[in-house]
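The values are calculated or read from the model by the stated rules, or taken from the named source; none is laboratory data. Please read all numbers here as calculations on a predicted model, not as lab measurements. Counting neighbours? That spans all protein chains shown, and the Cβs are built from the backbone with ideal geometry, glycine included.
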Amino acid sequence: CNSPQKTEVETVEEKVNPYLNSPLISHMYTADPSAHVFEGKIYIYPSHDVESDVKEDDSGAHFNMRDFHVFSMDSPGATPLDHGRALDVDDVPWAKRQMWAPDAAEKDGKYYFYFPAKDKDDIFRLGVAVGDRPEGPFKAQPEPMKGSFSIDPAVFQDGNEYYIYWGGIWGGQLQKWRTGKYLSTGNLPYDDEPADDEPAISPVVAKLSADMLEFGEKPREIKILDQDGSPILAGDHERRFFEAAWVHKYNDKYYFSYSTGDTHNIAYATGDSPYGPFTYQGVILKPVQGWTNHHSIVQFEGKWYIFYHDTELTDKTHLRNIKMTELTHNPDGTIQTISPLTG
Ligand code: FUB
């Protein structure tokens, strides 16, 4: 409709918060969107949420996903194209269940798809699958990445180097690896956390091997520090790392962003190296509808965007829908906070 009144309203809305609050995909449930620009388009690698008969619990067993679809968008605001199933749990020899938040990277014209899943012993591992196109299909490696554990892999390319970040506490099992081996002392997902006055559990980073299929070095813990240089503590639930690691670079600074889990924020910390340490700066995205909060940040044609999810379509915490909105870096390098529930 070309009526002058409608045009005026649309212009105002666009200036305030373009795209915010519209599910990008509604023919299936999607979450944990990792977005990248490949071949001049935005490609989105989300989880594919499904209903299943597994009962809800604090370890997230009801997030019982089986496969992945890849989506592409010509530009922000366009309807994403569903490229169909890119990988199924039945095609991953080592994986049993819970195909959680994935990511992807491109190197020398090949595409590498990284995903967590529980192995036959119900321990989360990270897998890689390889394809010739950004949308897949991807062929999984027969074994998980050597020495891998926990969830939510995210790959960041810095020049010719590729870094993989990962980890998630509670259902993501990161706290069970504190000794270097999987050690579970109780049945509750929070049983193996440090005491409140100890440093919080660290997310992990490793450079990828040249063939992109394994860690290229010993994984390192990432330090997230307070402004005074002291570590964020395990009891500081408003600020400590929970899951959903993501890294982007802006004006030569590295931004490590993550979910605070049970306080539902996407927080961020900045540093001078992809390995950290990172100093806590604040909140990028306040809680969304639904328990989980998980995002990615990408630059497209000069503007920055955050992809995230909520439960607008279902109001069920395990049946989510992805969204996107613009993200603004202030002149001093801080990021403007987005409040999805209040606009
Ligand atoms: O989608 C399953 C899990 O929920 C992800 O791995 C977490 O980051 C949370 O979003």
query = Which ranges mark the strands (runs of 3 or more DSSP E) fully within region 290-343 that have 2 or more residues being within 13 Å of the ligand (Cβ to nearest atom)?
reply = 303-310, 321-327
note = Given the conditions (1) more than 16 Å from the ligand (Cβ to nearest atom); (2) of a type in the set (D, E, K, R); (3) in contact with a helix residue (DSSP H, G or I) (Cβ under 6 Å, 6 or more places away or on another chain), every one holds for Glu221 apart from (3)
message = I'd like to know if region 229-248 contains one or more residues that are within 17 Å of Gln157 (Cα to Cα), among the β-branched types (Val, Ile, Thr) and in a strand (DSSP E or B).
response = yes
ask   = Which ones in region 233-246 are surrounded by 24 or more Cβ atoms within 10 Å (Cβ to Cβ) and out of contact with any helix residue (DSSP H, G or I) (no Cβ under 6 Å at 6 or more places or on another chain)?
value = Arg240, Phe241, Ala244, Ala245, Trp246
ask   = Would a scan of region 95-109 turn up a residue that is in contact with a Ser or Thr (Cβ under 7 Å, 6 or more places away or on another chain), assigned to a loop (DSSP other than H, G, I, E, B), closer than 22 Å to Glu161 by Cβ and at pLDDT 95 or above?
value = yes
ask   = Has region 248-269 got at least one residue that is within 16 Å of the ligand (Cβ to nearest atom), more than 16 Å from the chain's Cα centre (by Cα) and crowded, with 18+ Cβ neighbours inside 10 Å?
value = no
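Taking the conditions exactly as written (within 16 Å of the ligand (Cβ to nearest atom), farther than 27 Å from Phe256 by Cβ and either modelled with pLDDT under 95 or surrounded by fewer than 18 Cβ atoms within 10 Å (Cβ to Cβ) (or both)), does Asp122 satisfy them or not?
Against the criterion (within 16 Å of the ligand (Cβ to nearest atom), farther than 27 Å from Phe256 by Cβ and either modelled with pLDDT under 95 or surrounded by fewer than 18 Cβ atoms within 10 Å (Cβ to Cβ) (or both)), Asp122 qualifies.
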query = Among the residues of region 19-61, how many are away from the ligand (no atom under 13 Å from the Cβ), part of a strand (DSSP E or B) and among the hydrophobic types (A, V, I, L, M, F, W, C)?
reply = 5
query = Hey, does region 74-89 have a residue that's in a helix (DSSP H, G or I) and either modelled with pLDDT of 90 or more or farther than 28 Å from Val247 by Cβ (or both)?
reply = yes
request  = Being among the charged types (D, E, K, R) and within 22 Å of Leu87 (Cα to Cα) is the filter; apply it to region 138-176 and report the residue that is nearest to the ligand (Cβ to nearest atom).
outcome  = Asp152
remark   = Checking Glu198, Glu214, Glu193 in turn, the sole residue that is over 19 Å from the mean Cα position of the chain (by Cα) and at pLDDT below 95 turns out to be Glu193
inquiry  = Restricting to region 97-119, name every residue that is more than 19 Å from Ser34 (Cβ to Cβ) and within 14 Å of the ligand (Cβ to nearest atom).
reply    = Arg97, Lys118
